[in-house]
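What follows is a set of notes on a single structure, which appears directly below.
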Amino acid sequence: MKKTILIGIIAVTVASPSCAQKSTSSAPEAATKAFSAKFPNAKNVKWDKENENEWEAEFKIGGVEYSANYTSDGIWKETEHEIKKSEVPANVMATINTEYAGYKIEEMEISETIEGLVYEFEIEKGESEWEIAIDATGKVTKKEEKKEEEDEKDKD
């Protein structure tokens, strides 16, 4: 009887995914496998469906909160994590300070995609709110005004 229980425990342990990578949603196997290969040290992994064909994993590595997006068939799309102002290169901050003078930085992230790294900012001045992305050379690569309904949705 003890051998049967021990074998059962071993079988469950071997068949289970890593304890560090517990999922709170049923993301497709291809996405979770690709994620595990790219982020073997991820902790507290939580999956959410981003859209029809994309899944987002939120997780921690070394105490830093990350998110990574994968297609349903396991193709990595993007990894993001928040950063401190001190981690933003001087030329990127120079772009913020000249092109967006007077705006308050609400959030800063670094985003990695197949195209490379960009620094993403949510900035605000009065009623005007923008999401901008700046590459490592200081060039603005995305500028999108946030709409009120997006702000309300974020509060829910």
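None of the figures in this text is laboratory data; all of them are computed from the coordinates on show. Since this is a predicted model, take the numbers as computed values, not measurements. Backbone-built Cβ (ideal geometry, glycine too); neighbour counts: all protein chains shown.
Structure summary
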| read-out | value |
| --- | --- |
| Flagged links, alpha-carbon separation over 26 Å, of Lys43/Lys146; Lys49/Lys84; Lys77/Lys146; Lys104/Lys146; Lys104/Lys147; Lys77/Lys142 | Lys43/Lys146; Lys49/Lys84 |
| Extension reserve of the Asn51-Thr98 stretch, reckoned as 0.36 nm per residue once the Cα distance is removed | 13.4 nm |
| FRET efficiency estimate (nearest 0.05) - Cβ-Cβ, Ser72 to Lys125, R0 35 angstrom | 0.35 |
| Size-normalised alpha-carbon gyration radius of the stretch 28-86, reference 2.2 N^0.38 Å | 1.10 |
| Equivalent ellipsoid semi-axes, the stretch 83-156, via Cα gyration tensor eigenvalues times 5, rooted, Å | 21, 15, 11 |
